[in-house]
Amino acid sequence: MGRREAIKEQVFPPVTGPSTVVRLTDIPEIALAVETFAAHVGYSGVGSMDFMLDENGKPHAVEFNPRPAPLFRLGIHAGIDLAAALHDAFSGGTPAAPVPLASELVIPLFPEELIRDPTGAAFLECDLDVPIDEPQLMQALTALASVMN
């Protein structure tokens, strides 16, 4: 179906903070749980479910949020542009089909990872979440990151 789950690879502040680097991967048990939950409660909107993986890698549902999660912007890297799909739904357009994905993808989040690691080392290999085509936004987010350090 093109959906991916986001696993926290780095967080800031340590232990309990929000994600700064995520790994998009397929966890069929989570996909099935989300589909089952949505069908059971009749949910058809944009939302997110959080899971914790136990020491054996088994997912356990933690919460459901009936709103876009902060990682909503990464939808295109999970196989579908969620913002475009939402636009299509409201405008009567035809939504694009999900894109099959072949492998996992690790994404440092901007500016969050720059706040955690001011060297920006994680961005040297990957710039998927950096708005390089929007210089004013880049400048504002980079300034925010430097203030937060």
Study note, to complete from the structure: Scanning region 1-11 for residues that are modelled with pLDDT of 90 or more, surrounded by fewer than 17 Cβ atoms within 10 Å (Cβ to Cβ) and over 11 Å from the mean Cα position of the chain (by Cα), the one farthest from ILE80 (Cα to Cα) turns out to be VAL11
Review point. Does region 75-96 include one or more residues that are aliphatic (A, V, I, L, M), modelled with pLDDT of 85 or more and surrounded by 19 or more Cβ atoms within 10 Å (Cβ to Cβ)?
Key: no
Exercise for review: With the condition kept exactly as written, say whether any residue in region 35-45 is within 21 Å of PRO100 (Cα to Cα), surrounded by fewer than 13 Cβ atoms within 10 Å (Cβ to Cβ) and at pLDDT 90 or above.
Suggested key: yes
Practice item. Answer yes if at least one residue in region 21-32 is modelled with pLDDT of 95 or more and of a type in the set (Gly, Ala, Ser), and no otherwise. Key: no
Point to revise | Matching entry among ARG67, ARG4 (being of a type in the set (D, E, K, R) and touching a residue at least 24 places away in the same chain (Cβ under 8 Å)) | key: ARG4
Practice item. Name the residue, out of VAL62, VAL130, that is free of Cβ contacts under 8 Å to residues at least 40 places away in the same chain, aliphatic (A, V, I, L, M) and loosely packed, with under 13 Cβ neighbours inside 10 Å. Key: VAL62
Revision key, fill the gap. Wholly inside region 1-95, strands (runs of 3 or more DSSP E) that include 2 or more residues that are farther than 27 Å from ALA122 by Cα are 59-65
Check your understanding: Would it be correct to say that LEU101 is surrounded by 16 or more Cβ atoms within 10 Å (Cβ to Cβ) and part of a loop (DSSP other than H, G, I, E, B)?
Key -> yes
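The values are calculated or read from the model by the stated rules, or taken from the named source; none is laboratory data. Treat the numbers as computed from the prediction; the structure is a model and nothing was measured. Methodologically, a virtual Cβ is constructed for each residue, glycine included, from the backbone with ideal geometry; neighbour enumeration extends over all protein chains shown.
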